[in-house]
């Protein structure tokens, strides 16, 4: 447990270090690019001094690392020159709300679909679920997003096409802006989980204790929700950990379709504007979310399956 | 059962071939997938001949709907959508296949070396692979494009590097189990070099899971390229790619739905076809869940 935690911290340090040095090796001079029109060699040198870019790479790294530990990620070098931490603090709740809602919607679809196709194996229902899962896995999330906008925002006008409203504005404004992007992100995730639940449930339903449960005279409902499903969920949970990563990378793309200024949009805009401090900060936060969601899944796994805790 | 003419132990190739045929005949999804893939390959190869117009030629016939002259309509600059999608097929398939080819070569080399030699080399390689494994391939590709910049070559490099860990893991786990086989022991005892043992004796027997992984990866690479292009991190602003056509048309989807529908349909059909074929290969080659996505 402690070792796992230390491992996660080491991974984060490695990522931070890699990001720092890789961005320093970028071909081209970001300062020269920044001052493209306005700067002669003197201005460029002054700017570099101001940003500390004239010192040795390792001194820069030490300073950057120290600042990062104090929660200072520098300031944007583009447009408003806002502090990177402020930009990220505004973006994080958006991406997390979006991913969480996508997660919930995906489970609402996947759990019944998985149970249905496992209990009615090889029926028309099973085939339909399997085909829909294939479609869900093959549809690019940004395309699904565009289709949803065409149908539900442009034609039916049920939901807003773009933007974000914080939860403080009320539950419905918040939810209504998130439903379409969450469905776009959650679909592929839901397909993976439904397939996983199906195969895992089929495995469990074959086991001896299922026969015992039936012999005891338990109702099918009790057998499914009391015995079969909890056991079938164990392998599913590890996949949820992997698939959570899918939700975040989905959010990175889909936020750009719906003009939601979450981590994904901040990251992509940063790249397009060559705003390195912002890119660096966004990469760090996105990476941290992956590392710690993996950690949480590992811990959850131990809670659900006592055999793993004992080992 | 008493077939003496064909001993499966000594004659595995015909057996494998008949298994391919037997599973394909039953698998309608795989048949459909193969047919769609063949159509797309033909479309890509003969794009200049099949396209009714120059994909970049602007006309005054802007955002006109589906017609005999423009079967899939035109975009906001009067460019023919069918011609643009056909040319986009070339980019998508080229990037999908070349990316996986590079990732496969590097990943397998790393996996074989790590699995066969063990020790500190294994530790070093696998620490890195595990680090990369913690992140989704697409996010790694975005990070790398942020560093290298956009453009055809950079997109291929970024996507290839992003997929290395998948192949390295498959190759390593296969090598670890094959290393203990008797015929590998025999090769070592006979004094064959390590390189020869690795490439002549171990690699061919690890091919099945690698083929399945490669098939799955091509579909992910195509999706990855489309996503990068859609975000403006792709090849360039002038080469028509499926992701870029969608990004260009995004602002006009309320007036011209075809701009939002057909390029995405092309992506979905290709990816779906590859997934169907991948599923069949997994079955035909008898590869269990050893392959991760």
Averaging 1/r across every pair of distinct alpha carbons in the protein assembly as shown and inverting yields a Kirkwood hydrodynamic radius, in angstrom, of 26.5
If each part is reduced to its alpha-carbon centroid, the stretch B:173-219 and the stretch B:98-118 end up apart, in Å, by 11
Here the convex hull volume per residue of the stretch A:84-310, taken over Cα atoms and given in Å³, is 147
The stretch A:77-112 and the stretch B:125-168 have their Cα centres apart by a whole-number Å value of 23
Here D for the stretch A:65-163, in µm²/s, from Stokes-Einstein with a Kirkwood Rh over Cα pairs at 25 °C and 0.890 mPa s, works out to 139
Mean other chain Cβ within 10 Å across B:255-264 is 3
In a Gaussian network model of chain A with springs linking alpha carbons closer than 10 Å, the residue among A:75, A:62, A:118 that fluctuates most is A:62
Hydrodynamic calc, the stretch A:152-254: Kirkwood Rh from Cα pairs, then Stokes-Einstein at 4 °C with viscosity 1.567 mPa s, so D in µm² s⁻¹ is 78
With only helices counted (DSSP H, runs n ≥ 4, each -39500 (n - 2.57)), the per-residue ellipticity at 222 nm for chain A, to the nearest 500, works out to -24500 deg cm²/dmol
Reduced to Cα centres, the span from the stretch B:37-93 to the stretch A:214-238 in Å works out to 53
Computed over chain A: longest principal axis from alpha-carbon atoms vs helix A:57-69 long axis, angle to nearest 10 degrees, is 50
Rounded to the nearest 10 degrees, the helix B:81-117 long axis (Cα) sits at an angle to the longest Cα principal axis of chain B of 20
Rounded to 0.05, the calculated FRET efficiency for the beta carbons of residue B:194 and residue A:24 at R₀ = 41 Å is 0.60
For chain B, the longest principal axis of the Cα atoms and the Cα long axis of helix B:28-45 enclose an angle in degrees, to the nearest 10, of 60
For the stretch B:119-231, the Cα gyration tensor yields equivalent-ellipsoid semi-axes (√(5λ), largest first, whole Å) of 34, 15, 12
Dividing the alpha-carbon radius of gyration of chain B by 2.2 N^0.38 Å, where N counts its residues, gives 1.18
Most packed first (mean Cβ within 10 Å per residue), the peptides A:246-253, A:107-114, B:55-62 order as A:246-253, A:107-114, B:55-62
With Cα springs under 10 Å, the Gaussian network model of chain A assigns the largest mean-square fluctuation among A:243, A:282, A:82 to A:82
Expected integer from the mean partner chain Cβ neighbour count at 10 Å over A:256-266 is 1
Partner shielding of B:225-232, as the mean number of partner chain Cβ atoms within 10 Å, equals 5
For the stretch B:176-293, inverting the pair-averaged 1/r of distinct alpha-carbon atoms gives a Kirkwood value in Å of 17.4
Helix-only [θ] at 222 nm, chain B, -39500 (n - 2.57) per DSSP H run of 4+, per residue, nearest 500, equals -22500 deg cm²/dmol
Diffusion coefficient in µm²/s returned for the stretch A:206-311 by Stokes-Einstein, Kirkwood Rh over C-alpha pairs, 37 °C and 0.692 mPa s, is 194
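Values quoted throughout were computed directly from the atomic coordinates according to the rules given, and no laboratory measurement underlies them. Here the structure is a predicted model, which is why all the values come from computation and not from measurement. Note that we place each Cβ from the backbone using ideal geometry, even for glycine, and neighbour counts take in every protein chain shown.
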